[in-house]
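No value in this document is a laboratory result; all are computed from the given coordinates. Since we're looking at a predicted model, the values are computed, not measured. All Cβ positions, even for glycine, are placed from backbone atoms using ideal geometry, and neighbour counts span all protein chains on display.
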């Protein structure tokens with residue numbers, strides 16, 4: 001079996017780590033972290049144990065030069081990229097009226113601009129069967145307390161992904177977005193900031209009775225990058241246990257925040 005090559009941004013922890021560990025079964029893996037080299041090296045050891053050749057790159061995706069270095073490192077090491085998963089994000093969890101242009105630039109540079117550049121640099125090295133997978137968010141559909149900037153950036157991701165699906169489709173490359181609900185990660189804990197009433201509200205508004213885990217998202221990602229998903233492109237797949245089906249708890253959360 002010829003192994004493919006996967007780059008998952010923000011794969012030193014959380015959703016990104018779960019996805020990369022799942023892909024390691026049939027992909028060589030690029031582990032990306034912003035600055036925690038030790039965490040990235042630990043993920044590299046895990047995926048290497050699954051048979052993957054690995055490359056670890058630390059890069060701040062808000063810095064265009066570091067994004068270029070990331071893309072160049074992948075192509076120099078492997079000569080191609082088959083699966084690109086855009087998972088990394090960074091923002092200021094504040095009301096929109098309290099953020100300034102520096103917060104906006106940081107969020108959009110990390111989430112949007114970095115991906116535009118990564119696709120620009122790596123798409124020529126993607127052949128038939130290539131996959132672009134973006135990790136969106138429910139904050140692109142619903143106003144969530146403190147998520148105004150990130151929701152805007154995630155909405156842009158969805159729009160870009162549809163266009164890539166059309167532009168790259170003739171080459172046999174698909175592009176899709178996964179929108180997770182609240183996922184049990186360090187980022188969620190940072191957002192909740194110890195507010196157990198908000199945590200209970202999230203669970204109570206999830207029809208399946210629990211919050212998503214990184215593995216729930218990785219299950220869907222594994223399918224979407226597989227040959228079995230060759231005819232699925234330009235789509236948004238929601239993985240939220242039914243939260244969005246009933247509108248979610250966002251209005252009530254605004255009162256608690």
Exercise. For helix 64-78, report the angle its Cα long axis makes with the longest principal axis of the Cα atoms of the chain; keep it between 0 and 90° and round to the nearest 10°.
Key: 40 degrees
Quiz item: Taking the Cα atoms only, what angle lies between the long axis of helix 214-224 and the longest principal axis of the chain, rounded to 10 degrees?
Solution: 50 degrees
Practice problem: Give me the percent of DSSP beta bridges within the chain that run antiparallel, rounded to the nearest 5. | Solution: 0 percent
Practice problem: Pairs of Cα atoms under 8 Å, at least six residues apart: use those to get the relative contact order of the chain, whole percent. | Solution: 18 percent
Quiz item: Exposure proxy check: 223, 108 ranked by fewest other beta carbons within 10 Å?
Solution: 223, 108
Quiz item: Taking the inverse of the average 1/r across all pairs of different Cα atoms in the chain, what Kirkwood radius in Å do you get?
Solution: 18.4 Å
Quiz prompt | FRET efficiency, residue 76 to residue 3 (Cβ-Cβ, R0 25 Å, nearest 0.05) | solution = 0.90
Self-check item: Choice from 119, 132, 99 with maximal GNM fluctuation in the chain (Cα, 10 Å cutoff)
Solution: 99
Practice problem: Quick one: grab the alpha carbon gyration tensor of region 32-106, order the square roots of its eigenvalues as a ≥ b ≥ c, and give me rounded if a/c is under 1.5, else prolate or oblate depending on whether a/b is larger than b/c. | Solution: prolate
Quiz item: How far, in degrees from 0 to 90, does helix 148-168 lean away from the longest principal axis of the Cα atoms of the chain, to the nearest 10?
Solution: 30 degrees
Quiz prompt | Two-decimal ratio, region 153-245, of alpha-carbon radius of gyration to 2.2 N^0.38 Å | solution = 1.26
Exercise. Multiply the residue separation of residue 235 and residue 42 by 0.36 nm, subtract the distance between their alpha-carbon atoms, and state the gained length in nm to one decimal.
Key: 66.2 nm
Exercise. Using only alpha carbon pairs under 8 Å that are at least six residues apart, calculate the relative contact order of region 118-252 and give it in whole percent.
Key: 31 percent
